[in-house]
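S.K.: Below is a structure I'd like to ask you about.
The values are calculated or read from the model by the stated rules, or taken from the named source; none is laboratory data. Since the structure is predicted, the reported quantities are computational estimates derived from the model, not experimental observations. Here the Cβ positions follow ideal geometry from the backbone for every residue, glycine too, while neighbour counts run over all protein chains shown.
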Amino acid sequence: MAEKLRIGVLGSGKGSNLQSIIDNVAAGKIPVKIACVVSDVEEAYILERARKHGIEAIYIPPGKHKTKLDAESEAQYVKCLKDRGVGLGVLAGFMRMLKEPFIEAFPNRIINIHPSLLPAFRGLEAWKQALDYGVRYTGCTVHFIEMGMDTGPIIMQAVVEVKDDDTPETLHQRIQVQEHRIYPEVIRLIAEGRVAVKGRKVIVR
Ligand code: GAR
């Protein structure tokens with residue numbers, strides 16, 4: 001039997017998306033092996049979740065920058081994933097931008113989940129940006145990473161209706177329900193070799 005695709009999950013926060021991936025893998029719904037979980041935040045709960053499930057959890061200090069990794073740190077992230085045979089990088093609430101060395105080491109092999117319907121509301125707290133703007137619908141987007149913030153080819157999106165009495169928290173909660181549905185689905189499609197990138201477009205067979 002062919003070797004399973006090995007994924008490396010990167011996150012900075014509570015790791016609810018990691019949990020949904022773990023649950024789907026455990027249920028036999030996604031043919032991947034979670035090789036490691038890596039964080040730029042030593043006390044992030046995402047690392048704890050990984051340990052609880054017997055997955056290698058690794059903290060790699062990000063260096064002195066706030067929104068990206070230092071060059072040496074970025075090289076360590078790449079080496080960490082390569083050493084573990086990772087074929088797909090999965091950003092799950094990883095709050096730093098990746099630069100060329102990382103992206104070139106994994107061309108069209110890093111995906112991200114973003115809590116809005118891109119290209120609307122790139123950047124931080126996208127659910128709050130949507131609420132403040134007054135849109136009726138927002139959602140979440142899974143896309144490939146390229147240079148530029150939240151700009152890569154879009155693989156899948158899910159729509160969430162904004163309610164009149166939504167707070168940032170209630171809206172984010174409903175967006176996360178959709179995230180936990182579509183992120184494992186995209187990983188499954190990629191693991192099954194059904195996703196191809198043609199310029200800006202992603203073709204799903
Ligand atoms: C998710 O809502 C994800 O879309 C968002 O961070 C949250 C992480 O939640 N990512 C971004 O905003 C990236 N620009 P989690 O730690 O519970 O998976």
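S.K.: Would the stretch 170-191 turn up any residue that is in a loop (DSSP other than H, G, I, E, B) and more than 10 Å from the ligand (Cβ to nearest atom)?
M.R.: No; the residues of the stretch 170-191 include none that is in a loop (DSSP other than H, G, I, E, B) and more than 10 Å from the ligand (Cβ to nearest atom).
S.K.: If you go through the stretch 159-167 one residue at a time, do you hit one that is surrounded by 20 or more Cβ atoms within 10 Å (Cβ to Cβ) and closer than 22 Å to residue 21 by Cα?
M.R.: yes
S.K.: Out of the residues in the stretch 18-38 that are small (Gly, Ala, Ser) and more than 22 Å from residue 78 (Cβ to Cβ), state the one that is farthest from the ligand (Cβ to nearest atom). Steps first, please.
M.R.: Within the stretch 18-38, the subset small (Gly, Ala, Ser) is 20, 26-28, 35.
With more than 22 Å from residue 78 (Cβ to Cβ) added as a condition, the list becomes 20, 26-28.
Values: 20: 8, 26: 17, 27: 18, 28: 22 Å.
Only one residue tops the list, namely 28.
S.K.: Shifting gears a bit: Assigned to a helix (DSSP H, G or I) and surrounded by 13 or more Cβ atoms within 10 Å (Cβ to Cβ): is that true of residue 111 in this structure?
M.R.: So residue 111 fails the test.
S.K.: Now a separate question. For the stretch 47-58, state whether one or more residues are in a loop (DSSP other than H, G, I, E, B), within 16 Å of the ligand (Cβ to nearest atom), surrounded by 20 or more Cβ atoms within 10 Å (Cβ to Cβ) and free of Cβ contacts under 8 Å to residues at least 60 places away in the same chain.
M.R.: no
S.K.: Of the residues 15, 8, which is at pLDDT 95 or above and away from the ligand (no atom under 14 Å from the Cβ)?
M.R.: That would be 8, the only listed residue that is at pLDDT 95 or above and away from the ligand (no atom under 14 Å from the Cβ).
S.K.: Also, I was wondering about something else. For residue 43, which of the numbered conditions (1) part of a loop (DSSP other than H, G, I, E, B); (2) within 11 Å of the ligand (Cβ to nearest atom); (3) surrounded by fewer than 20 Cβ atoms within 10 Å (Cβ to Cβ) fails to hold?
M.R.: Just one mismatch for residue 43, condition (2).
S.K.: Look through 63, 87 and report the one residue that is under 28 Å from residue 198 (Cβ atoms), away from the ligand (no atom under 16 Å from the Cβ) and surrounded by fewer than 21 Cβ atoms within 10 Å (Cβ to Cβ).
M.R.: Testing whether each residue is under 28 Å from residue 198 (Cβ atoms), away from the ligand (no atom under 16 Å from the Cβ) and surrounded by fewer than 21 Cβ atoms within 10 Å (Cβ to Cβ) leaves just 87.
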